1. Is it the case that some residue within the range 12-22 is small (Gly, Ala, Ser), part of a helix (DSSP H, G or I) and in contact with a helix residue (DSSP H, G or I) (Cβ under 7 Å, 6 or more places away or on another chain)?
2. Sort through LEU9, LEU71 and tell me the only one that's hydrophobic (A, V, I, L, M, F, W, C) and assigned to a helix (DSSP H, G or I).
3. Do you know which residues across the range 18-37 are surrounded by 10 or more Cβ atoms within 10 Å (Cβ to Cβ) and over 21 Å from GLY53 (Cα atoms)?
4. Restricting the search to the range 38-82, which residues are polar (S, T, N, Q) and either without any contact (Cβ under 8 Å) to a residue 12 or more places away in the chain or surrounded by 14 or more Cβ atoms within 10 Å (Cβ to Cβ) (or both)?
5. Can you find a residue in the range 41-61 that is under 13 Å from PHE110 (Cβ atoms) and over 16 Å from the mean Cα position of the chain (by Cα)?
6. Mind listing whichever residues of the range 108-118 are surrounded by 15 or more Cβ atoms within 10 Å (Cβ to Cβ) and free of Cβ contacts under 8 Å to residues at least 12 places away in the same chain?
Amino acid sequence: MGFRKEVLLPPSMIRWVLVQPASRLNVPHAMAEMDQAKFTLGHDGPILDSWQGLLVKTELNRVLEAICASLNDELGRAFDKHFGDDEENWVEFKLRETISRAIAQANSRFTVGLPLCKTSFFVSRGGVII
C-alpha cells in the first residue's frame with residue numbers, strides 16, 4: 001500500500017464524520033489518493049466519477065436475487081463435492097486447495113456457466129483453458 005495518511009477514529013466519532021463537509025473530509029478523493037490514480041491512470045477521473053455506483057444501482061440490483069440464489073446453489077454443490085457430505089466419518093483434505101477449488105467452481109458459474117463450471121478438469125486449472 002505504501003505510505004499514506006490515515007486517521008483512525010473511535011466508533012463514537014461516526015456522527016461527527018458524517019456531518020463534515022466534503023471540503024474537509026472527502027471519501028472519493030481519499031480513495032483516489034489511496035489508489036494513486038494520478039500515477040496509475042494519469043488522472044483521478046475514473047475514481048471520482050460515480051458511474052460504478054450508478055451501474056450497481058440500475059443494473060446489478062435488478063438481478064441480485066437471482067445471482068444470490070445461483071451462488072447459494074453452486075456453493076452448496078461445490079462444498080458437497082469438494083468437502084463431501086459424509087456426516088459419520090472423518091475425512092482428511094488440504095483445506096486451502098479444497099476451498100480454492102470450491103471458490104473456483106462457484107465463481108465459474110458466473111463466468112462460463114453450467115455445466116462447464118462443474119467440470120473437474122476446468123475447475124482444477126482455475127479457468128486457464130479459456
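1. Checked the range 12-22: no residue is small (Gly, Ala, Ser), part of a helix (DSSP H, G or I) and in contact with a helix residue (DSSP H, G or I) (Cβ under 7 Å, 6 or more places away or on another chain).
2. Selected residue: LEU71, the only one of LEU9, LEU71 that is hydrophobic (A, V, I, L, M, F, W, C) and assigned to a helix (DSSP H, G or I).
3. First pass over the range 18-37, keeping only residues surrounded by 10 or more Cβ atoms within 10 Å (Cβ to Cβ): 20, 25-26, 28-37.
Selection gives GLN20 alone.
4. Within the range 38-82, THR40, GLN52, THR58, ASN61, SER70, ASN72 qualify.
5. Residues of the range 41-61 under 13 Å from PHE110 (Cβ atoms): 60.
Still in the list and also over 16 Å from the mean Cα position of the chain (by Cα): none.
No, the conditions are met nowhere in the range 41-61.
6. Result: LEU116, single match.
No lab work stands behind these numbers, since they all come straight from the coordinates. These figures come from a predicted structure and were not determined experimentally. Virtual Cβ from ideal backbone geometry, glycine too; neighbours counted across all protein chains shown.
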